[in-house]
């Protein structure tokens, strides 16, 4: 019995020992946690980190300020000041959700609830809750009235109440006329309202008052990019990033600008920095997709767009890229859905209309494709691609006559004068609408288009000048005046109007208009200077490179033309018949006939019915000594475009070398009959020599 009773004692002892060891281990863990945990109470560390955060915020480095404020919160989560510092940093970084949460934590930690409504309103505004923000601002302490007025202006702008927003900003300006933030908000407001002159002036004042104001620097960069060009804007973004190297929005603007300048490697590097700052950034992934698509890496571009998870789906550029990738992958229905949305939002977006027509044609919706392009091909300056698409549409529905008509237009070597889309209503109806909405460009512009369609150009000009007088800071208003003056053949006056627009926004459409008006006014030197200035700021702009190369070809500067055209080819690829034609002409002029023949053959394979293509290919063969091949192509070119003196002159020289004197003389005389023909001395000599 004794032995049986003594056996449980070791078990009890072991159980007690295990419990004691567990308690000891737990105690050790607690001691370690209190010793090593980053959220242990350390008021002094929190106070110092909070001071550093506020100093960094004052120095316009909101990212570093946020990091310091986070450290302060961890050191002393029960103190309200670190939460307020974190709120301010998050608001500067446009983190509305985080800022609102920190405001609440500050109040719970003892911060005076009467001192936070302006901050809570700002956080709500960043979350797209304009009405809630306005209601919260009614509780704002008078000490923060300037701040509250700025947030009120932003909220009212978001709700479309521009007069109310302007009144709020003017009130803030009266209270704090030397506040750089107020001037920055005024610049943003003017920019959004289309008053670029006012936006430029406000942004300049904002930077003058606070040269390190990162928001003002970003705004200046955006405005300078439009006013002067891509290259000129880069230093502004770089200055902002020196203040806060991890500011995501500025990294995106900087990367996009570098990409458009053609500095692809630098642009990629900046997008990677943006992804480090904000992993999964849709904007950074989208820019990488654009770069990949430009390099022909469509699978990579598609993969990158998928990773955005719809974060940039509403951007017009992203919709165009996404639909292009859909078409390339054969997913036409998805492309159609995206492009219909884009065209509905931007009816004048010709690129979107052409892409949508492609997708519709590939889904056997030929009539819809034709309808989509009707406003485009109704213009005299419709490009050959749009005309060819319409022709293919008519072919699909069996209308051979219309198909042939549009193919003929597509094949002609020159395009007509630009025009506006037709008005959608009668002059009487539109005039009535404009009378009910005096000073509203949205009502007056359709009336101007209708007056132009009716042939009442003086009336259209008067209305256009009325809009420009009331909107001196809006470049579109001055362009409208210039367009109307061009229709009146007042090219010098049109150039003046376009130059006023270019002083505000020197973009591609404005540049092309200004160059054309100057050239037609007989000021070719001024036109060349405008083009050169634009190219210095936008070195890979497609339209500018094409125009520059054309002028270089005409001037016989073949090496320069080759440089321009090869830059363009690197940008858009080898599938452009016009580009290959110009390359054939440039290499022929430079004496590199083997290369010229390659490009001529490539162009001819893409557009065999285009007389300019046949001429370039034929002339390259002629220069290489292949007279029979040259003769066949140049004869075809003249048949296709019998009124073009340059084609006649080329054919005349081939006939002369073949000793077919009568035919050579006939072609040379036909060229001389055109007053615009420039090689008159050589043609006259040929006529005399074959007489």
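Exactly one residue out of 353, 374 is under 23 Å from the mean Cα position of the chain (by Cα) and either modelled with pLDDT of 70 or more or under 30 Å from residue 470 (Cα atoms) (or both): that is 353.
Screening segment 634-691 for helices (runs of 4 or more DSSP H) wholly inside it with 2 or more residues that are at pLDDT below 95 and under 42 Å from the mean Cα position of the chain (by Cα) returns the ranges 645-657. Does segment 483-493 contain at least one residue that is in a helix (DSSP H, G or I), surrounded by fewer than 19 Cβ atoms within 10 Å (Cβ to Cβ) and at pLDDT below 90? Scanning segment 483-493, I find at least one residue that is in a helix (DSSP H, G or I), surrounded by fewer than 19 Cβ atoms within 10 Å (Cβ to Cβ) and at pLDDT below 90, so the answer is yes. Kindly indicate whether residue 78 is at positive phi and not in a helix (DSSP H, G or I). Answer is no for this residue.
Looking across segment 320-337, the residues that are surrounded by fewer than 23 Cβ atoms within 10 Å (Cβ to Cβ) and closer than 22 Å to residue 374 by Cβ come down to 320, 327, 332, 336, 337. If you go through segment 67-83 and keep only what is surrounded by fewer than 24 Cβ atoms within 10 Å (Cβ to Cβ) and under 26 Å from residue 128 (Cα atoms), you end up with 67, 70.
Looking at this structure, is residue 390 modelled with pLDDT under 85, within 18 Å of residue 359 (Cα to Cα) and surrounded by 15 or more Cβ atoms within 10 Å (Cβ to Cβ)?
Details: modelled with pLDDT under 85: no; within 18 Å of residue 359 (Cα to Cα): yes; surrounded by 15 or more Cβ atoms within 10 Å (Cβ to Cβ): yes.
Against the criterion (modelled with pLDDT under 85, within 18 Å of residue 359 (Cα to Cα) and surrounded by 15 or more Cβ atoms within 10 Å (Cβ to Cβ)), residue 390 does not qualify.
The values are calculated or read from the model by the stated rules, or taken from the named source; none is laboratory data. Note that the coordinates shown come from a computational prediction; the quantities given were computed from them, not determined experimentally. Cβ: placed from backbone, ideal geometry, glycine included. Neighbour counts: every protein chain shown.
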